[in-house]
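Asks: Structure in C-alpha cells, see below.
No value in this document is a laboratory result; all are computed from the given coordinates. Everything numeric here is computed off the predicted structure, so don't read it as measured data. Glycine also receives a Cβ, built like all others from the backbone with ideal geometry; neighbour counts cover every protein chain displayed.
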Amino acid sequence: LEYGYPRNDVYYTATADDVARVRRELGVPEGRTAVLYAPTHRDHRTGFDTGGLDLEAFCEAAGEDVVVLLRAHYFYDRGGRRGSGRVIDVTAHRSAEDVCLAADALITDYSSIMFD
C-alpha cells in the first residue's frame, strides 16, 4: 500500500550525506545553524520585501553561528541572488524540499511550506 505525500518522501529517505551535499550547494558554512525564512506571496505587494524583518539584525541577535536561508515566493524569482554576509538567497534554487533539508529551523507566516 503506497501512501503519503510524494513531495515529502525526501524527508524520510534523505541521508546525512544528502543533507551535507545540499548545504554545500547552498553555501551554508559547515558548523552553522541555518534558519530558513520563507514568507508567502502577498497579493497587495508588487515586489518582494521581508515584511519589516531585518535579516542581518536577526543574524546578529541570533549569534555568530546562525545564517539565514532566504526563500522568497517563486513569483519574485528573478534568477539572481540577493543578500550578503550571513543571508543566503536560495529563492532560485530548484527545490524547496532541498532547501528545507538544509535548514535547521523555519520562520514563515502562512506559507504552505510549514506543512511540509
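Asks: Using a cut-off of 9 Å between beta-carbons, work out the net charge of the residues near ARG23 (Lys and Arg +1, Asp and Glu -1, ARG23 not included).
Replies: Numbers: positive: ARG21, ARG24, ARG32; negative: GLU25, GLU30.
Once positives and negatives cancel, what remains is +1.
Asks: Moving on to the next point. Please list, in chain and number order, the residues 5+ apart from VAL66 or on another chain whose amide H is under 5 Å from its amide H, with Hs placed from the backbone.
Replies: Amide H neighbours of VAL66, under 5 Å, 5+ apart: THR33.
Asks: Expected output is a single nm value to one decimal: the length gained when fully extending between ILE107 and ALA16, i.e. 0.36 nm times separation in residues minus the C-alpha distance. What is it? Provide the component values of the computation, followed by the final result.
Replies: Numbers: separation 91, 0.36 × 91 = 32.76 nm, distance 2.26 nm.
The ILE107-ALA16 span can extend by a further 30.5 nm.
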